[in-house]
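Working notes for the structure below.
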C-alpha cells in the first residue's frame with residue numbers, strides 16, 4: 001500500500017501501482033469526472049501516472065489555471081492532427097501554450113489562410129467528439145534519435161531536451177507527437193476552442209531559416225468562457241489606444257522619428273494631470289524631486305554595468321571626440337547626484353524621485369503605439385537607507401503604489417516576489433536579509449503574493465505589481481528592487497552613528513513605469529472616456545440657440561474661474577447634433593442651456609454614461625463638479 005496525502009492533510013491508502021485517476025475516484029465521482037491531471041511535489045503528471053511510494057497528490061481540474069493550460073496544450077495536439085489530416089504534407093515543428101491560448105509552428109508550402117480556419121475547427125471538433133485517449137509512451141534518447149532521424153524539426157527538439165527518457169503522446173491510433181506532457185486524459189475533456197490567426201515565424205527565430213506558419217488557437221473550459229474571451233477581444237479592438245489617440249487628437253507618430261511619440265495639446269493635459277497628481281502624492285510621502293542629464297559620459301555606463309549588459313539597447317554620440325551615451329535608465333545619474341556631498345545616517349531614509357526621460361533602442365518590429373517606444377519618461381525613484389530601514393521603506397512604497405493605482409480605478413492588483421537568481425552578486429546572508437525584508441513588508445500589509453524563485457535581478461530581490469484592466473488583461477507596472485551592487489560600484493557612503501563610513505542600501509522603485517505606456521493603458525481601460533479629473537475637456541456648454549449664447553458664455557466664464565477645462569459650442573448646429581458631437585468626443589459632462597435655464601440660473605446636465613438628464617441650479621452643479629475633480633472621480637454623480 002502507499003500513503004497518499006491530499007491538500008487538506010487527509011491521508012488515504014491505495015494499492016501500489018494505483019494511478020492518479022484512482023485517487024480521484026477514491027475521493028468521489030464528481031472529482032473523478034472533473035480531474036484532468038495531477039500535481040505531485042509541484043510536478044504535473046497524467047491521470048494514468050502510477051504511484052509506487054508515499055507521496056502528496058493534488059488533483060487538477062479545468063477550474064485551475066494550470067488545468068486550463070493543460071487543456072490548451074492538449075488542444076494544440078488536436079489542432080496539429082487536424083492540420084496534418086487536411087494537409088498530409090505538413091511537418092510539425094513545436095506547439096507550446098501562450099497566454100490565453102496556444103500555437104503550433106507548421107512547415108507547409110501551401111499557405112494556411114483565415115478562410116481555412118472553419119474546416120480546421122470542424123476536423124478538430126470530430127477529434128474531440130471521438131473522445132480518444134491521450135496515451136504516453138517513452139523511449140531512450142538513442143531510440144528517439146533513431147525514430148526521428150529523418151525529421152529535422154523533431155530531431156532538433158530531442159537533441160535540445162533534458163534527460164535520457166524521451167516521451168511521445170498519441171491520440172487514439174492515428175496520430176503521435178513528440179511531447180513532454182502531461183495531457184488531459186482524452187480529447188473529449190477539451191473544452192470550447194477556436195482557431196484565431198496565422199502568422200509567419202522563423203525556426204528558432206533565425207531569419208536564415210525557412211519561414212514557418214504559426215497557427216494560433218485558444219481554448220476555454222466552456223463555450224460561455226470562450227464567448228466572453230472573444231467579446232473582450234472585440235472590445236479591445238474598439239479600445240485600441242492608437243485608434244482612440246488619433247480620433248481624440250491625443251498623440252501621433254511620424255516616420256521622421258519611429259518610436260518617438262508626439263504628444264498633442266489634449267494628450268498633454270492628460271499627461272500633466274497625471275504628473276501633478278504624482279507629484280502631490282510623492283510630496284506627501286516625503287520624496288524630493290531631481291532631474292539628471294539625458295547624455296552622460298561612456299565611462300559612467302562602464303561603471304554602472306550597463307555597457308556590458310545593455311549596450312545593444314543604447315544610443316551613443318560623440319562630443320569633442322569623447323563618447324557619450326543617451327541614458328536608458330536614470331539610476332547612474334541618481335548615484336552621481338547622491339555623491340555630490342557627504343551624507344549622514346540622520347538624513348536617512350533619503351527618498352529621491354525623478355521623472356526621467358530615457359531612450360532605448362527597440363527593434364522596429366516590436367514597437368507598438370505608446371506601449372513600446374524608443375523614448376519614454378520613467379516615473380523613477382531611488383531610496384537610500386540603512387539595512388534596518390528596508391522593511392519600513394518597502395511598506396511606504398507599497399502604500400504609495402496602491403494609492404496611485406486606486407486613483408485610476410485599478411483595484412485588482414497581483415503581487416510577485418522574485419528571489420535570488422543563479423547568477424547574482426552579494427553574499428547569501430545579504431540576500432536572505434533582503435528577501436525577508438520584502439516578505440515582512442508584504443505581510444505587514446496583509447498582501448497575498450506569489451514567489452518567483454530565482455527570478456530576481458542580479459543585484460537584489462524585487463517585488464512586481466501587476467494590475468488588471470476592465471477587460472481582465474494583466475499589465476506589469478510597478479517594481480521595487482533592492483540593490484547592493486550600484487552603491488558599491490559608485491563608492492556611495494554615509495556616516496553611520498558609530499562615525500564610520502558605510503555603504504547605503506539602494507531601493508529602485510517605479511510605480512506607473514513608462515508614462516507613455518501608462519497613458520496607453522488608461523486610454524484603453526477607459527475606452528478614451530477619461531475620468532473627469534484628467535479629461536482634456538471636462539465640460540462643454542451647449543446653448544440651444546443664439547438667444548442663450550450670452551448665458552452660455554457666463555457659465556463658461558464662471559467655470560473657467562473655478563479652474564475647470566470648459567468649452568462652449570457656439571456653432572449653428574441643432575442641439576441634437578451638438579449633443580452627438582460631445583458624446584463622440586467622450587466628454588464627462590455637457591450643459592444644455594436654453595431660455596428657461598438662462599432665466600432661472602439653472603443648467604440642464606447630461607453626464608456621460610447616464611441616460612437621464614437633470615436640471616439643477618448652476619451653483620449646485622459647480623460644487624458637485626469641483627468635488628468630483630478633487631476626489632478623482634471617474635464621473636460626475638448628481
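What follows draws every value from the coordinates through simple rules; no lab data is involved. Computed from a predicted structure; not experimentally measured. Cβ coordinates were reconstructed from backbone atoms using ideal geometry, including for glycine residues, and neighbour counts include every protein chain displayed.
Some points to look at:
- Note on residue 138/residue 561: beta-carbon distance plugged into 1/(1 + (r/R0)^6) with R0 of 60 Å gives a FRET efficiency of 0.15.
- Using only alpha carbons, segment 490-573 has a radius of gyration to Kirkwood radius ratio (Rg to Rh) of 1.42.
- Two-decimal Rg to Rh for the chain - Kirkwood Rh, Cα set: 1.03
- Using the average count of surrounding beta-carbon atoms within 10 Å as a protection proxy, the listed peptides 97-110, 284-297 rank, highest first, as 97-110, 284-297.
- For segment 539-630, the square roots a ≥ b ≥ c of the C-alpha gyration tensor eigenvalues yield an a/c under 1.5, which makes the shape rounded.
- Ranked by the mean number of other Cβ atoms within 10 Å of their residues, highest first, the peptides 52-60, 569-577 come out as 52-60, 569-577.
- Centre separation in Å (Cα based) which lies between segment 200-269 and segment 274-295: 31 Å
- Most tightly packed first, judged by the mean number of other beta-carbon atoms within 10 Å of their residues, the peptides 180-188, 432-440, 625-633 read 180-188, 432-440, 625-633.
- Taking each residue as 0.36 nm, the span from residue 443 to residue 312 lengthens on full extension beyond its C-alpha to C-alpha distance by 43.2 nm.
- Residues residue 627 and residue 344, FRET efficiency given R0 of 41 Å [Cβ-Cβ distance, rounded to 0.05]: 0.40
- Computed label-point distance, nm, for sites residue 234 and residue 550 using a 7 Å Cα→Cβ extension: 5.2 nm
- DSSP beta bridge pairing in the chain, given as percent antiparallel to the nearest 5: 85 percent
- The alpha carbon centroids of segment 301-354 and segment 501-532 are separated by 21 Å.
- Cubic angstrom per residue, convex hull over Cα atoms of segment 66-236: 123 Å³
- Rounded if a/c under 1.5, otherwise prolate or oblate - segment 585-638, Cα gyration tensor axes: oblate
- Dividing the helix sum by the residues of the chain, where each DSSP H run of 4 or more adds -39500 (n - 2.57), gives a mean residue ellipticity at 222 nm of -10500 deg cm²/dmol.
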